[in-house]
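Encoded as structure tokens, the structure appears first; notes follow it.
The values are calculated or read from the model by the stated rules, or taken from the named source; none is laboratory data. All figures in this text were calculated on a predicted structure; none of them were measured in a lab. Here the Cβ is made from the backbone with ideal geometry for all residues, glycine too, and neighbour counts use every protein chain on show.
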Amino acid sequence: MAQNPIVLIPARLGSQRLPGKPLADIAGAPMIVHVWRRAREADIGPVHVATDAPEIAAAVRAAGGSAVMTGTDCPSGSDRIADALARIDPDRRHDVAVNLQGDEPLMAPAAIRAAAALMADPDVDIGTLAAPLTDPALRDDPNAVKVVATRIAPGRLRALYFTRSAAPFGAGEDFRHIGLYAYRRAALERYVTLAPSPLEIRERLEQLRALEAFMRIDAALVADAPRGVDTVEDLARVRQQIENSL
């Protein structure tokens with residue numbers, strides 16, 4: 001099956017917990033530039049930052065990257081990448097869109113490739129990532145999203161449900177969801193036309209809208225879940241990790 005992926009990184013300035021975080025300095029470069037570099041290192045296709053903020057676009061372009069300006073009324077990152085994709089690729093050359101969050105400067109290029117590779121299966125609508133949940137404290141942490149899934153192949157899961165609660169019940173494997181998505185283009189275009197679904201609203205998890213619309217989501221298993229940047233404490237920790245790696 002033909003595949004021509006594109007990587008799109010949605011970014012906005014209006015974070016409630018950490019305003020302006022895409023431009024936060026990490027080891028001499030804005031965070032969004034570090035994310036763009038990780039996507040380039042994955043080497044699966046062209047990379048564009050999708051934003052409605054001229055400041056973010058300017059920072060990306062100053063580093064040699066590509067930024068596309070989107071509408072200001074995008075309610076989610078998925079809506080923003082759909083907007084960007086329509087602007088960048090009106091001829092529909094790209095059939096897979098990888099959504100890498102703009103606050104994931106520690107995302108491994110191999111993990112990006114693993115999510116995109118799931119699109120080789122024509123029955124998969126959306127690919128994502130999961131990691132073993134080994135810290136017992138995270139089972140009850142609503143900020144650690146769990147994926148209830150069944151193994152269908154080595155290193156690969158079929159997602160059955162996503163939740164902020166401890167699930168499933170009883171002893172066994174637990175998996176933490178990592179919010180990177182590879183969308184088949186038709187699935188992305190369908191997804192953004194759907195109204196928020198009841199379980200999505202209840203759990204505050206957008207991927208449930210896809211499951212409630214009977215889309216298939218598979219997850220590639222990776223060794224661990226990189227922590228994104230949501231708070232000042234997260235930013236300090238990521239700065240330290242990146243500076244230590246230089």
Subject >> Residue satisfying all of: in the stretch 235-246; in a helix (DSSP H, G or I) and touching a residue at least 60 places away in the same chain (Cβ under 8 Å); surrounded by the fewest Cβ atoms within 10 Å (Cβ to Cβ) among these >> reply: Glu243
**OP:** Within the stretch 95-154, count every residue that is touching a Phe, Trp or Tyr at 6+ places or on another chain (Cβ under 9 Å) and of a type in the set (Lys, Arg).
**Re:** 1
**OP:** Can you tell me which residue among Pro136, Pro54 is free of Cβ contacts under 8 Å to residues at least 24 places away in the same chain and not assigned by TED's automatic domain parsing to the domain that holds Thr193?
**Re:** Pro54
Original post:
Exactly one of (1) more than 18 Å from the chain's Cα centre (by Cα); (2) at pLDDT 95 or above; (3) polar (S, T, N, Q); (4) closer than 14 Å to Ala182 by Cα is unmet by Asn99. Its number?
Top reply: (1)
Original post:
Any idea which of Ala195, Ala167, Ala236, Ala213 is more than 18 Å from the chain's Cα centre (by Cα), small (Gly, Ala, Ser) and not assigned by TED's automatic domain parsing to the domain that holds Pro136?
Top reply: Ala236
Original post:
Are any residues in the stretch 187-234 touching a helix residue (DSSP H, G or I) at 6+ places or on another chain (Cβ under 7 Å), assigned to a helix (DSSP H, G or I) and crowded, with 18+ Cβ neighbours inside 10 Å, and if so, which ones?
Top reply: Leu188, Tyr191, Glu200, Leu208, Arg209, Ala210
